[in-house]
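This report refers to the structure that appears directly beneath it.
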Amino acid sequence: MSKSPVFEFLLLLLFTVIANATVGTSVTRQFKETPQFYNSLDCPVIVDEDELDGGDSFILCSDQAVHVAMTLDTAYIRGSMAATFSVLQHSSCPKNIVFHFVASATADVSLLRATISSSFPYLNFRVYPFDDSSVSRLISTSIRSALDCPLNYARSYLANLLPLCVRRVVYLDSDLVLVDDVAKLSATPLGDYSVLAAPEHCNANFTAYFTSTFWSNPSLSLTFANRKRCYFNTGVMVMDLDRWREGDYTAKIEEWMELQKRMRIYDLGSLPPFLLVFAGNIVPVDHRWNQHGLGGDNFRVLCRDLHPVPVSLLHWSGKGKPWARLDANRPCPLDALRAPYDLLQTPFAMDS
């Protein structure tokens, strides 16, 4: 039975749409290659390239290096690329920065590593596979499904994942950009005992981060006795990994997560366990280092404004992500501040 010309035309049109969609999908995973970044003249020389045979152990274990840790996955890689680019662009000593990327062991780690290498061919970095099963059994359902991803909890395991020679690290979320030198943040004095430093907010409604079950139980609510009830966003932290290891803080966080599985003492993902362990006991950092909450809400297109203070770091925490709003052609005004760091290679740019 012969097919009509109309049917053949529609069939050809369908194949064309599918082909274009396939090409479009592959193109959206292409990212631009960045130029090589050079240190200023007063930067410490960590690696003597004439004496090393291509190894990176010197800088990987150097206390003079600035160590930055981030998670890496296919859903947020566009954000991770922009964040990395912004760190390098605003650093006085970009060659002295070591990036430590943590990726789910179930992801295509080789592809993620290759993506980073192709855009940042001169970057000092390592990728560490994270065993999701180590934390999946401890995760309770939160009020937002996106917060239940095991990789969100990887920051609690950095001391175990990174080499023992890495003593201090700046942890950064993937939905932010820096407009200042990360070395300034990394150099935050932690005093004699503190494990963490981060911008904290002592005027926030701290009780909202825990359920009535928590506050009505005297043995639980006494957790914050003699401690300042100050919230801090865990998307930007300076962490002393030596002190973390000595205090076995991963186990302390896991203990609260195990209790949560039994009696639900909070509703909001990986943040409350950090607050239970560290709130009131961290070194406060100037708020300029985490202008967070810029994500607003994608569903109601709720856009946020900057606070009228100096800014060193812009953080699109919240439900809305700037790359999703740009793809939907519904950006918020502040999303334009991130545009110069977006390395996504568009089809038009590839053809030009």
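The values are calculated or read from the model by the stated rules, or taken from the named source; none is laboratory data. Keep in mind the model is a prediction, meaning the values are calculated, not measured. Glycine gets a Cβ as well: all are built from the backbone with ideal geometry, and neighbour counts include every protein chain shown. In case anyone asks, the SASA skips ligands and DNA or RNA and just uses the protein heavy atoms, side chains included. Shrake-Rupley method; radii C 1.70, N 1.55, O 1.52, S 1.80 Å.
Any residue in the stretch 243-250 that is crowded, with 17+ Cβ neighbours inside 10 Å, of a type in the set (D, E, K, R) and free of Cβ contacts under 8 Å to residues at least 60 places away in the same chain? Yes; the residues of the stretch 243-250 include at least one that is crowded, with 17+ Cβ neighbours inside 10 Å, of a type in the set (D, E, K, R) and free of Cβ contacts under 8 Å to residues at least 60 places away in the same chain.
Set side by side, the residues 255, 246 differ, and just one is of a type in the set (Asp, Glu) and over 30 Å from residue 98 (Cα atoms), which is 255. Helices (runs of 4 or more DSSP H) fully within the stretch 206-290 that include at least 3 residues being under 25 Å from the mean Cα position of the chain (by Cα): 241-247, 249-263, 271-278. Listed by first and then second residue, the pairs with beta-carbon distance under 8 Å, at least 6 apart or on different chains, first residue in the stretch 87-100 and within 18 Å of residue 343 (Cα to Cα), second among the basic types (Lys, Arg), are 99/126. Of all residues assigned to the stretch 153-167, none qualifies as being more than 18 Å from the chain's Cα centre (by Cα), among the polar types (S, T, N, Q) and either at positive phi or open to solvent by 30 Å² or more (accessible area, probe 1.4 Å) (or both). Looking for whichever is in a loop (DSSP other than H, G, I, E, B) and either modelled with pLDDT under 95 or open to solvent by less than 60 Å² (accessible area, probe 1.4 Å) (or both) here; the options are 138, 112. Which one fits? Matching residue, one of 138, 112: 138.
Among the residues of the stretch 301-320, those identified as at pLDDT 85 or above and over 25 Å from residue 285 (Cα atoms) are 303, 320.
Listed by first and then second residue, the pairs with beta-carbon distance under 8 Å, at least 6 apart or on different chains, first residue in the stretch 23-40 and within 12 Å of residue 121 (Cα to Cα) and open to solvent by 50 Å² or more (accessible area, probe 1.4 Å), second of a type in the set (S, T, N, Q) and at pLDDT below 95, are 32/345. Counting only residues that are open to solvent by less than 60 Å² (accessible area, probe 1.4 Å), of a type in the set (A, V, I, L, M, F, W, C) and either at pLDDT below 95 or in contact with a Gly (Cβ under 7 Å, 6 or more places away or on another chain) (or both), the stretch 189-223 holds 3 of them. Could you check the stretch 79-108 and list, in sequence order, the residues that are under 15 Å from the mean Cα position of the chain (by Cα), among the polar types (S, T, N, Q) and either closer than 21 Å to residue 153 by Cβ or modelled with pLDDT under 95 (or both)? Of everything in the stretch 79-108, those that are under 15 Å from the mean Cα position of the chain (by Cα), among the polar types (S, T, N, Q) and either closer than 21 Å to residue 153 by Cβ or modelled with pLDDT under 95 (or both) turn out to be 80, 104.
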